[in-house]
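The values are calculated or read from the model by the stated rules, or taken from the named source; none is laboratory data. Since this is a predicted model, take the numbers as computed values, not measurements. We place every Cβ from the backbone using ideal geometry, glycine too, and count neighbours over all the protein chains shown. Calculation scope for accessible area: heavy atoms of the full protein, side chains included, ligands and nucleic acids excluded. Shrake-Rupley method; radii C 1.70, N 1.55, O 1.52, S 1.80 Å.
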Amino acid sequence: MPDSNFNGLDLLETPVLIIEHDSDIVYANQACESLFAVGQRELTRHSLFDLIQDSRALRHAVQSALQCQASFIEHDLPLLLRNEQSLHVGLTVTPIDNEGQRALVELRPIDQQRKIANEERLLLQQRANRELIRNLAHEIKNPLGGIRGAAQLLEHEIADRPELLEYTGVIREEALRLQSLVDRMLAPHKRQVASEVNIHEVLERVRSIVLAEFGSGLSIRRDYDVSLPFLIADKAQLIQVVLNITRNAAQALKGIGEIILRTRINRQVTLARKRHNLALKLQIIDNGPGIPDEIQDHVFYPLVTGRAEGTGLGLTLAQTFIQQHGGAIEFDSYPGHTCFSIALPFGNECAITEKQ
């Protein structure tokens, strides 16, 4: 039976456990029941380490607190629950008797705080990237016109020497390629055009483009919530975002595999430091080889790519467009699974930021 001496702990929003003999659970408050998705009666039939997988760090914290008769605090501890749910918590283990037998364990989930902090970090990074790209693009663009003009003049001078015209052709083609690259680098700074957008029209447009490009070996499966309301957004930019990510997935699959386009609704979401009642959750999932570990930490940086023929601008532009819409983009990737998740607020509250 639960110990009635601890019933006041049910008033706390923080998940709290009372353990004895190192790990046996003798009490769990209601917040803890919600965390583990198990009732108190069932919780008290288990030890703490039955509920949490690979709990060496947690075991060390409990043993240290009991042996030293002093509180043990860990500000960011990753845990894997037995239901395969992973989360980060702020941990406090406090002995509550003099014999070193009982301890109070507080598990404060901090995933939301981590997410907000990560979004702010990405926002600062994106601003720095945007300024870098703007300056770099202008520095490249200025001499390109001179190079192309000089190549055209040179062609007139050597018109009677066709064996040399091939080289001037290469100069002009490469200058045009660089011009196209610069235009893409400057694209986020163009003014946005906001209108009501049906996200599924965007996804269907991208789906048809990618299937036409990669052929029958690629399957793009729809998993839509058709009840979603309209977004207030720049439709062309959303198409570009989804196309960049979906095309990356198809290229990683080498045109053979499955991509899933999934839409859901999220409630009470914090995006770009603002709280929104409703938000779109768009996921683009593929069963390809995954993003290489060595570039995962900076995959949104400009000119970072895992493909020799890639420009490294697709995900940078996608992140820029989504953040200008007041949204967020993140990913999870390992061999056999890559999922890009995009969150965008619904309604008039998501007025986009115009860029001159």
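Over the Cα atoms of the stretch 60-141, Rg to Rh with Kirkwood Rh, two decimal places?
Ratio of gyration radius to Kirkwood radius: 1.35.
For the chain, what is the accessible area per residue in Å², given a 1.4 Å probe and the full set of protein chains?
53
According to the Kirkwood expression over distinct Cα-Cα pairs, how big is the hydrodynamic radius of the stretch 108-256, in Å?
19.7
Please compute the net charge surrounding E33, taking Lys and Arg as +1 and Asp and Glu as -1 over other residues with Cβ under 11 Å from its Cβ.
-1
Can you tally the net charge around I239? Count Lys and Arg as +1, Asp and Glu as -1, for every other residue whose Cβ sits under 14 Å from the Cβ of I239.
+1
Translational D (Stokes-Einstein, µm²/s) of the stretch 76-186 at 4 °C and 1.567 mPa s when Rh comes from the Kirkwood sum over C-alpha pairs?
In µm²/s, the coefficient is 65.
Taking the Cβ of L122 as the center, what net charge do the other residues with Cβ under 11 Å away carry, scoring Lys and Arg +1 and Asp and Glu -1?
Summing Lys and Arg as +1 and Asp and Glu as -1 gives 0.
Can you match volume of the Cα convex hull per residue in Å³ to one of these, (1) 181; (2) 146; (3) 227, based on a calculation from the structure here?
(1)
Could you check the spin-label model distance between H337 and Q179? Points 7 Å from the Cα along Cα→Cβ, value in nm.
4.7
What's the ranking of 74-87, 230-243, 203-216 by average number of surrounding C-beta atoms within 10 Å, highest first?
For the peptides 74-87, 230-243, 203-216, the packing ranking is 230-243, 203-216, 74-87.
Just to verify a number: FRET efficiency for L80 and L132, C-beta to C-beta distance, R0 = 45 Å, to 0.05?
0.75
Could you tell me how far the Cα centroid of the stretch 51-99 sits from the Cα centroid of the stretch 188-242, in Å?
The stretch 188-242 and the stretch 51-99 have Cα centres spaced 45 Å from each other.
Quick query: amide H of I259 versus all other amide H atoms, modeled in the peptide plane; which residues come in under 5 Å with a sequence gap of 5 or more or a different chain?
S219, I220, R221
How large, in percent, is the carbon and sulfur part of the accessible surface of the chain at a probe radius of 1.4 Å?
That fraction is 50 percent.
Could you order peptides 61-70, 277-286, 156-165 by the average number of other Cβ atoms within 10 Å of their residues, highest first?
Per-residue mean Cβ counts within 10 Å order the peptides as 277-286, 61-70, 156-165.
Can you quote the Å³ per residue value for the convex hull of the Cα atoms in the stretch 6-146, rounded to an integer?
Looking at the stretch 6-146, the number lands at 144 Å³ per residue.
Mean 1/r over all different Cα pairs, inverted: what Kirkwood radius does the stretch 216-334 give, in Å?
For the stretch 216-334, inverting the mean 1/r across all distinct Cα pairs yields 15.4 Å.
Using only the alpha-carbon atoms, what does the stretch 35-101 span along each of its principal axes? Please give whole angstrom values in decreasing order.
Answer, in whole Å and largest first: 33, 27, 16 Å.
Hull surface divided by four, with the convex hull built on the Cα atoms of the stretch 118-183: how many nm²?
In nm², the orientation-averaged hull projection of the stretch 118-183 is 5.1.
Just want the answer: with Cβ charges of +1 for Lys and Arg and -1 for Asp and Glu, which residue in H138, I96, A65 is farthest toward the dipole's positive end in the chain?
H138
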